[in-house]
1. Could you list, in sequence order, all residues of region 59-81 that are without any contact (Cβ under 8 Å) to a residue 24 or more places away in the chain and surrounded by 14 or more Cβ atoms within 10 Å (Cβ to Cβ)?
2. For the condition closer than 22 Å to residue 100 by Cα and surrounded by 13 or more Cβ atoms within 10 Å (Cβ to Cβ), what is the one hit in 190, 194?
3. Can you pull out every residue in region 199-227 that is surrounded by 13 or more Cβ atoms within 10 Å (Cβ to Cβ) and part of a helix (DSSP H, G or I)?
4. What pairs come up if the first residue lies in region 130-145 and is at negative phi and touching a residue at least 12 places away in the same chain (Cβ under 8 Å), the second is surrounded by 14 or more Cβ atoms within 10 Å (Cβ to Cβ) and in a helix (DSSP H, G or I), and their beta carbons are under 7 Å apart, counting only those six or more places apart or on different chains?
5. For the subset of region 113-133 comprising residues that are in a loop (DSSP other than H, G, I, E, B) and within 22 Å of the chain's Cα centre (by Cα), which member is surrounded by the most Cβ atoms within 10 Å (Cβ to Cβ)?
6. Looking only at region 134-187, which residues are surrounded by 15 or more Cβ atoms within 10 Å (Cβ to Cβ), touching a strand residue (DSSP E or B) at 6+ places or on another chain (Cβ under 9 Å) and part of a helix (DSSP H, G or I)?
7. Based on what the data block shows, is residue 159 farther than 27 Å from residue 43 by Cα and in contact with a helix residue (DSSP H, G or I) (Cβ under 9 Å, 6 or more places away or on another chain)?
8. Can you tell me which residue among 143, 158, 107 is closer than 21 Å to residue 56 by Cα and under 16 Å from the mean Cα position of the chain (by Cα)?
């Protein structure tokens, strides 16, 4: 008798084991305000994994190295596409960008000479205050952030779409940031970057024009760029 095909069925669990020593604290505001608004599996998986890894690293006021997130076996397994040989790095990076755009996380670059490293903090008032002080040199960066033997410079790093908007179109208002966040969920990163480039090329520097380009590409398709 042939065996049933269970490849597409989720693995079953027998229930939750409640162990008082293995309880993960999750901020209530994350569950009540952020989770209901998340529509991307990548963002949800990355956000939950980051909270878990931060707790394991010592708490929500600690920095977390990007490489730690990218190497997490549980997260990589969750975002690996069944039957695909491709590593899930791109999906993890997309989830991180969405979490940054939503304001769940803050990403910073720690640089010293030619060495640089990327870290994430949970976006809390305490962490934002500490990062601002580190950026201006009023607070020494914790040793965890040092990529080398000397104290680094600290800068906040936005998702690429945000940076390109600020560099080429104008000031990033909360309304525009929200619209870009939704675009990051809906379109590939290179589409957003190319649409911003076209807006600059034709001197139509507004997010409304960028949105029209993206909508047209989705409706009618676009030709791949030829190098």
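1. 68, 70, 72, 76, 80
2. When all the criteria are applied, what remains is 194.
3. 199, 200, 207, 209, 210, 211, 212, 213, 214, 215, 217
4. 141/134
5. Of everything passing the filter in region 113-133, 123 is surrounded by the most Cβ atoms within 10 Å (Cβ to Cβ).
6. Result: 134, 135, 145.
7. Considered against the rule, which asks whether it is farther than 27 Å from residue 43 by Cα and in contact with a helix residue (DSSP H, G or I) (Cβ under 9 Å, 6 or more places away or on another chain), residue 159 comes out as no.
8. Residue meeting the stated conditions: 107.
Read-outs: derived from the displayed coordinates by stated rules, not from any lab. All values reported here derive from a predicted model rather than from experimental measurement. When we count neighbours, we look across all protein chains shown, and the Cβ atoms used for this are built from the backbone with ideal geometry, even at glycine.
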